[in-house]
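Undergrad: Submitted below is the structure of interest, expressed as structure tokens.
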Amino acid sequence: MAQGKTPQQLTTELSRKLAELVRNPIVTVSVTQVRNNSVTVHGAGVQAAVVPLERSTTLLELLAQLSPGDTADFDNAYLSRQGRRIVSGFTGLFVKGETENDVALQPGDRIFIPYRADRNVFVMGAVNNPMAIPHHDGLSVLEALLEAGSFNKFADRNNTVIVRHDGVEKKSIAVRGGDLVNDGDLTQNLELQPGDYVIVKKSFF
């Protein structure tokens, strides 16, 4: 058994054993290949990591260990091995419990988990810090605008629009953002949905 021994230790052990059969044996042990005993996890939907495989581990066990959050796109995630995808989509396995789709991981495997953009609200246009905000229950226009640093000096504040995809259709909802932020008109403080775009138009004057 060579596991756990350095080349020098293995040389010494083999020389001692061969000395019982051969006078002054000459033994040379060389490492011809270094095996990678880890898997790589990457993608914007999970914290990137190189995870050592200290024991037999399945894909489900590793996903449970990583605990990806709501922003992980399991539908478009995949497991690749030697440049070939062997599992595409983790929703059935990790979310629905379809364990028959579980596979044993091998050293060198790569797990890619992208970002789930439809869990965000995007604030764009004439705001100080255009950004994507993770959606949560009760997220409102006012909260989203304040999170993005509120209006910049070029904003036409009352010309704010929520762009929402409803199935295959896209609709625009007008919001008087100036009345909301400046005058406290809460009738304009609409609740946002995942995937909404809050767009503040620029003023021409």
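The values are calculated or read from the model by the stated rules, or taken from the named source; none is laboratory data. Please read these numbers as outputs of a predicted model, since none were measured by experiment. Cβ sites come from the backbone with ideal geometry, for glycine too, and all protein chains shown count toward neighbours. Surface accessibility is based on the protein's heavy atoms, side chains included, excluding ligands, DNA and RNA. Shrake-Rupley method; radii C 1.70, N 1.55, O 1.52, S 1.80 Å.
Undergrad: Could you order the peptides 67-80, 17-30, 113-126, 45-58 from most to least packed, using the average number of other C-beta atoms within 10 Å per residue?
TA: For the peptides 67-80, 17-30, 113-126, 45-58, the packing ranking is 113-126, 67-80, 45-58, 17-30.
Undergrad: Please give me the summed charge of the neighbours of Leu59: other residues whose Cβ is under 13 Å from its Cβ, Lys and Arg +1, Asp and Glu -1. List each step's numbers first, then the result.
TA: Details: positive: Arg81, Arg85, Arg110; negative: Glu61, Glu98, Glu100, Asp102, Asp109.
Result for the neighbourhood of Leu59: -2.
Undergrad: Go through 174-183, 96-105 and give me the packing order, highest mean Cβ count within 10 Å leading.
TA: Most protected by this proxy first, the peptides run 174-183, 96-105.
Undergrad: Follow-up question, since we're still on this one. To the nearest 10 square angstrom, how much accessible area does His165 have with a 1.4 angstrom probe?
TA: Using a 1.4 Å probe on the heavy atoms, I get roughly 110 Å².
Undergrad: I've got another one for you. In whole angstrom, note down how far apart the Cα centers of the range 80-99 and the range 111-135 are.
TA: Each part reduced to its Cα centre gives a spacing of 25 Å.
Undergrad: Still on this structure, please answer the following. Can you tell which of Gly108, Leu14, Ser67 lies farthest toward the positive end of the dipole of the chain, using +1 and -1 charges on the Cβ of basic and acidic side chains (Lys, Arg; Asp, Glu)?
TA: Farthest towards the positive pole: Leu14.
Undergrad: Same structure, new question: Using Cα pairs under 8 angstrom and six or more residues apart, how large is the relative contact order of the range 83-141, in percent?
TA: Computed over the range 83-141, the figure is 17 percent.
Undergrad: Pull up the cross-link candidates among the lysines for Lys171, meaning alpha carbon to alpha carbon under 25 Å and not fewer than 8 places away within one chain.
TA: Lys201, Lys202
Undergrad: Could I ask something else about it? With runs of 4+ DSSP H residues as the only contributors, calculate the mean residue ellipticity of the chain at 222 nm using -39,500 (n - 2.57) per run, divided by the residue total and rounded to the nearest 500.
TA: Calculated at 222 nm, the ellipticity per residue is -4500 deg cm²/dmol.
Undergrad: Could you tell me the relative contact order of the chain? Use alpha-carbon pairs under 8 Å, at least six residues apart, and round to a whole percent.
TA: Computed over the chain, the figure is 17 percent.
Undergrad: How far is the Cα center of the range 157-187 from the Cα center of the range 1-72, in Å?
TA: The range 157-187 and the range 1-72 have Cα centres spaced 57 Å from each other.
Undergrad: Which of rounded, prolate or oblate describes the chain when judged by the alpha-carbon gyration tensor and an a/c cut-off of 1.5? Working shown, then result.
TA: Numbers: a/c = 4.80, a/b = 3.17, b/c = 1.51.
It is prolate, given that a/c is not under 1.5 and a/b is the larger ratio.
Undergrad: Return the inverse of the average 1/r over all pairs of distinct C-alpha atoms in the range 147-205, which is the Kirkwood hydrodynamic radius, in Å to one decimal.
TA: Value: 12.2 Å, from the Cα pair sum.
Undergrad: Now for a different question. Just to confirm the number: angle between the C-alpha axis of helix 7-18 and the first principal axis of the chain, 0 to 90 degrees, nearest 10?
TA: Result, in degrees: 30.
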